[in-house]
Amino acid sequence: MRIYNGSPTLTDTQVLDFCKKGFLILEAVVPDAINRRVVEYLDKNTHYEPTEILQEEWFVENVILNAQAAGAVRSLLGKNFHLPILMSNHRGTCPLPAGGWHVDGNSKFGPELNYLQVFYYPQACSKEWGPTELLPGSHFYFNQQRFMSHLQNLRGVYSSASPAGSIFITAYQIWHRRSASAAKGIRNLLKYFYWRTVPPERDWVIEPGFNFATANYELEGPKAGEQFRSSCNASEMFFWLCGQQETYRVLGGQSWPLPAKRLDQPYGFPFERPGRSYVPQGFGHE
């Protein structure tokens with residue numbers, strides 16, 4: 001099984017943003033010549049699992065090991081993550097109606113991030129081609145498809161409409177669906193997975209001055225769930241990714257990590273106790 005040994009590319013802020021939203025969009029990162037070659041390949045291999053494409057070195061080098069995409073995955077999954085061994089293609093003949101909101105099967109909910117679900121558009125996917133829609137922050141919302149399929153227009157939905165060669169990286173359990181399409185023709189959307197092999201640690205691009213106590217953990221825009229719940233969810237995932245899951249705590253009330261305009265450091269920050277302030281080296285205030 002192949003692994004990746006490259007360098008991380010995401011910063012503290014970008015990793016935290018992924019924790020809040022549950023996805024990251026990288027537009028037009030695959031060269032046009034490769035996109036065209038992929039489409040030609042998929043016109044010949046129309047199976048819903050064209051896994052054989054993972055044996056093509058030109059595809060692995062330019063898509064699976066794409067510098068920007070692999071660097072982002074490396075930031076989130078750590079060193080020596082496993083490369084995909086299965087390829088799926090959500091290939092459809094448009095126009096098509098909108099699909100139902102769902103989370104993919106075998107989803108686990110919680111702060112752990114041990115694998116990533118990744119999508120790649122080898123063709124431009126404008127609104128007319130029915131791009132995948134994502135519900136930001138929903139990777140923390142446990143639900144079952146039979147309770148979601150009747151839902152239609154949700155507040156705060158993000159459309160993944162993107163130019164050819166775009167890759168979007170998601171938490172596996174995020175709510176998503178295919179939007180309705182009006183164009184006529186074949187739409188390809190490849191989907192594959194990367195897997196963690198090492199324990200989590202703060203092993204990405206460290207931002208000087210990044211302050212864990214005052215960082216904004218709240219998801220901006222419309223959201224579901226209880227007020228400020230997104231701050232608790234995102235901060236817990238962020239601490240888990242930093243390898244600090246054993247120290248994470250939330251006191252409740254107006255304490256950390258709720259966003260507010262305070263006079264001083266927020267009460268309840270996990271590494272601060274009455275009478276002392278302690279932050280492990282390489283983790284807290286830089």
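The values are calculated or read from the model by the stated rules, or taken from the named source; none is laboratory data. Remember, it's a predicted structure, so these values are computed and weren't measured experimentally. Note: ideal-geometry Cβ built from the backbone for every residue, glycine included; neighbour counts use all protein chains shown.
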Can you pull out the residues in the stretch 75-109 that are of a type in the set (A, V, I, L, M) and either touching a Cys at 6+ places or on another chain (Cβ under 8 Å) or not in a loop (DSSP other than H, G, I, E, B) (or both)? Leu76, Leu77
Is it true that some residue in the stretch 71-83 is out of contact with any helix residue (DSSP H, G or I) (no Cβ under 8 Å at 6 or more places or on another chain), more than 14 Å from Pro122 (Cβ to Cβ) and at pLDDT below 95? no
Name every residue in the stretch 236-260 that is within 24 Å of Tyr158 (Cβ to Cβ) and without any contact (Cβ under 8 Å) to a residue 40 or more places away in the chain, in order of residue number. none
For residues in the stretch 178-219 being in a loop (DSSP other than H, G, I, E, B) and closer than 30 Å to Thr46 by Cβ, which is nearest to the chain's Cα centre (by Cα)? Leu189
Residue satisfying all of: in the stretch 220-266; outside any helix (DSSP H, G or I), under 23 Å from Ile174 (Cβ atoms) and of a type in the set (S, T, N, Q); nearest to the chain's Cα centre (by Cα) among these: Gln245
Sole exception among (1) surrounded by fewer than 19 Cβ atoms within 10 Å (Cβ to Cβ); (2) at pLDDT below 95 for Ala182, by number: (2)
Could you list all residues from the stretch 59-104 that are within 15 Å of Thr170 (Cβ to Cβ) and not polar (S, T, N, Q)? Ala69, Ala72, Val73, Leu76, Leu77, Pro84, His90, Trp101, His102, Val103, Asp104
What are the residue pairs meeting all of these: first residue in the stretch 8-22, first residue in contact (Cβ under 8 Å) with a residue 40 or more places away in the chain, second residue among the basic types (Lys, Arg) and in a helix (DSSP H, G or I), Cβ atoms under 9 Å, and 6 or more apart or on different chains? Pro8/Arg74; Thr9/Arg74; Leu10/Arg74
Name the residue that is modelled with the lowest pLDDT, counting only residues in the stretch 241-261 that are within 20 Å of Arg74 (Cα to Cα) and surrounded by fewer than 19 Cβ atoms within 10 Å (Cβ to Cβ). Gln245
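So that you can scan it fast, the table gives a plain yes or no per residue for (1) touching a Lys or Arg at 6+ places or on another chain (Cβ under 9 Å); (2) polar (S, T, N, Q); (3) surrounded by 22 or more Cβ atoms within 10 Å (Cβ to Cβ):
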position	(1), (2), (3)
Pro8	yes, no, no
Asp17	no, no, no
Glu27	no, no, no
Ala33	no, no, no
Arg36	no, no, no
Val39	no, no, no
Leu42	yes, no, no
Thr46	yes, yes, no
Ile53	no, no, no
Per-region count, the stretch 110-133, residues aliphatic (A, V, I, L, M) and either in a loop (DSSP other than H, G, I, E, B) or at pLDDT below 95 (or both): 2
Do we have any residue at all in the stretch 143-157 that's in contact (Cβ under 8 Å) with a residue 60 or more places away in the chain and buried (at least 20 other Cβ atoms within 10 Å of the Cβ)? no
Among residues of the stretch 55-97 being over 18 Å from Asp32 (Cβ atoms) and of a type in the set (D, E, K, R), the residue nearest to the chain's Cα centre (by Cα) is Arg74
